[in-house]
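Participant: Sharing a structure, written as structure tokens. Questions coming.
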Amino acid sequence: MNELQKKILALKKERDCLILAHYYQPLEIQDVADAVGDSFALAKRAQSASQRGIIMCGVRFMAESAKILNPGKTVWLPAEDAGCPMADTIVPADVLALKKQYPEAAVVCYVNSTAAVKAVSDVCCTSSSAETVVRSLPNRQILFVPDKNLGAYIAKQLPDKEVILYDGCCPIHDGVSLQQAEAAKRAHPEAKLLVHPECRKEVVALADYVGSTAGILETARKDPAGSFIIGTENGVTDILARELPLSHIYALKPDFICPDMKKTTLEDVLACFEGRRTPIELPQAELDGARKSLERMIAVQ
Ligand code: 13P
Ligand code: SF4
């Protein structure tokens, strides 16, 4: 622990704050967090937080979800310009136009979206909850927004549903080509390929396991002497490399990095305690509408 980390640990106690961090965050940030998790776990942890404040080390939609699920708390996003490019591929008007076109469909909205888009959707999902959420819906037709790759993966798992896809994706995961995945497998033929469902379907088709960041970590942890190619952002690779010294952990590609997730610094976290960051605020209609969609997701899990 360095001096700044010790200072943050003392401040979070003194100010009654919960620090949450996503698995893609730099390790020095994860090390000062009370809990590290995937999007689903972080949303649930924020919902049940009893502390006065929540510092969400991640990207904006994660901090917004924390505020929506626990509106009485003061919620900070330490790196205020950390967004998710996938969330910015869709606006409420796009959802409303699709709803008109497919009036029978239920709108399932990936949490990697703005509060305004969640507010006009029927239910949210994360990568770890998407299959359960879609299966739980009585509608045969599902409008899945905004991630076409996760949507296509769920459609394959649930052939009874007609899944209508929106043309959005994560540039980081969708940026992995079939050739890169094949090259990684050729370089490490003994290793199992574990991929996030935000990857393209041809990459997902090569995988030994497909799941959320938490699912990928759990799979590798079950075999601490195993060999794994990690098909998601390198934060997950870094956690496993540090935690499992006897295993062989390979990044699918060296630059598998989400620049927004890597924006958070310890200085940013300190800034939240020192009044140098603006707490998350959302219009009441977005808070209320998005809460319904997020709470439905949590209720079916
Ligand atoms: P998880 O919910 O699997 O942690 O994914 C979040 C994310 O942003 C993936 O790119
Ligand atoms: Fe968004 Fe992709 Fe970064 Fe996840 S990895 S936060 S989906 S841009």
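Participant: Return the long-range amide H neighbours of Arg200 (sequence gap of 5 or more, or a different chain), with a cut-off of under 5 Å between placed amide H atoms.
Facilitator: Result for Arg200 returns Val176.
Participant: So how strong a dipole does segment 1-49 carry about its Cα centre when Lys and Arg Cβ are +1 and Asp and Glu Cβ are -1, to the nearest 20 debye?
Facilitator: Values: 7 positive and 7 negative charges, 32 e Å.
With Lys and Arg at +1 and Asp and Glu at -1, about 160 debye.
Participant: Let me ask something additional. In the chain, which longest range has no GluC sites (Glu not before Pro) that are both DSSP loop (not H, G, I, E or B) and surrounded by at most 13 other Cβ atoms within 10 Å?
Facilitator: Numbers: sites that count: Glu104, Glu190, Glu274, Glu281.
The longest such stretch corresponds to 1-103.
Participant: Follow-up question, since we're still on this one. Using the alpha carbon gyration tensor of the chain, what are the three equivalent-ellipsoid semi-axes (square root of 5 times each eigenvalue), largest first, in whole Å? Walk me through the intermediate numbers first.
Facilitator: On the way: eigenvalues 165, 151, 44 Å².
So the equivalent ellipsoid measures 29, 28, 15 Å along its semi-axes.
Participant: Separate question: Between Leu246 and Gln180, what length comes free when the chain is fully extended (0.36 nm per residue of separation minus the Cα-Cα distance, one decimal in nm)? Intermediate values should be presented prior to the final figure.
Facilitator: Working: separation 66, 0.36 × 66 = 23.76 nm, distance 2.54 nm.
So the extension gain works out to 21.2 nm.
Participant: Semi-axes of segment 168-293's equivalent ellipsoid from the Cα gyration tensor, sqrt of 5 times each eigenvalue, largest first, rounded to whole Å? Let's see the in-between values first.
Facilitator: Values: eigenvalues 207, 73, 39 Å².
Three semi-axes, in Å: 32, 19, 14.
Participant: If you don't mind, another one. Go ahead and run the numbers for FRET between Glu162 and Leu9, Cβ-Cβ distance against an R0 of 45 Å, rounding to 0.05.
Facilitator: Working: r = 50 Å, r/R0 = 1.12.
Using R0 = 45 Å, I get an efficiency of 0.35.
Participant: Moving on to the next point. Would you work out which of Leu77, Gln141, Val117 lies farthest towards the positive end of the dipole of segment 10-158? Charges go on Cβ: Lys and Arg +1, Asp and Glu -1.
Facilitator: Final value for the positive-end residue is Gln141.
Participant: Past the 32 Å Cα-Cα mark, which pairs from Lys6/Lys201; Lys100/Lys253; Lys263/Lys292; Lys118/Lys192; Lys13/Lys67? Walk me through the numbers before you get to the answer.
Facilitator: On the way: Lys6/Lys201 44 Å; Lys100/Lys253 41 Å; Lys263/Lys292 30 Å; Lys118/Lys192 35 Å; Lys13/Lys67 20 Å.
Violating the 32 Å Cα-Cα cut-off are Lys6/Lys201; Lys100/Lys253; Lys118/Lys192.
Participant: Whole-Hz Karplus ³J(HN,Hα) for segment 134-142, in order, using 6.51 cos²θ - 1.76 cosθ + 1.60 and θ = phi - 60°, x for Gly and Pro?
Facilitator: 5, 4, 6, 7, x, 5, 7, 8, 10
Participant: Next question. Using 1/(1 + (r/R0)^6) with R0 = 22 angstrom and r between the beta carbons of Asn2 and Arg52, what's the FRET efficiency to the nearest 0.05?
Facilitator: Efficiency at R0 = 22 Å is approximately 0.25.
Participant: Residue separation times 0.36 nm, minus the C-alpha to C-alpha distance between Ala271 and Val91: what's the value?
Facilitator: Details: separation 180, 0.36 × 180 = 64.80 nm, distance 3.07 nm.
My answer for the length gained is 61.7 nm.
Participant: Still on this structure: GNM, the chain, Cα, under 10 Å: largest mean-square fluctuation among Leu137, Leu252, Leu69?
Facilitator: Leu137
Participant: Follow-up question, since we're still on this one. With a Förster radius of 35 Å, plug the Cβ-Cβ distance of Ala205 and Gln101 into 1/(1 + (r/R0)^6) and report the FRET value to the nearest 0.05. Walk me through the numbers on the way to the answer.
Facilitator: On the way: r = 29 Å, r/R0 = 0.84.
Computed FRET efficiency for Ala205 and Gln101: 0.75.
Participant: Give me the dipole magnitude in Debye, nearest 20, for segment 150-301 about the Cα centre, with unit charges on the beta carbon: positive for Lys and Arg, negative for Asp and Glu.
Facilitator: Numbers: 18 positive and 23 negative charges, 58 e Å.
So the magnitude is around 280 debye.
Participant: Moving on. Mind checking which of Pro279, Pro197, Pro254 has the largest fluctuation in a GNM of the chain, springs on alpha carbons under 10 Å?
Facilitator: Pro254
Participant: Here's another thing I want to ask about it. Could you calculate the contour length gain from Ser227 to Gln301, that is, 0.36 nm times the residue separation minus the distance between their Cα atoms, to one decimal place in nm?
Facilitator: Details: separation 74, 0.36 × 74 = 26.64 nm, distance 3.08 nm.
Full extension of this stretch gives 23.6 nm more.
Participant: Counting other C-beta atoms within 10 Å, and keeping those with at most 13, which DSSP coil trypsin sites (Lys or Arg not before Pro) do you find in segment 42-83?
Facilitator: Counting only loop positions with at most 13 other Cβ atoms within 10 Å, the trypsin sites (Lys or Arg not before Pro) in segment 42-83 are Arg52.
Participant: Hull surface divided by four, with the convex hull built on the Cα atoms of segment 7-66: how many nm²?
Facilitator: Numbers: hull surface 14.7 nm².
With every direction weighted equally, the projected area is 3.7 nm².
Participant: Between segment 137-203 and segment 32-97, what is the separation of their alpha carbon centroids in Å?
Facilitator: That distance is 23 Å.
Read the figures in this text as sums done on the coordinates, not as results from a lab. Just so it is clear, the structure is predicted and the values come from calculations on it, not from any experiment. All Cβ positions, glycine included, derive from the backbone under ideal geometry; neighbour counts span all protein chains shown.
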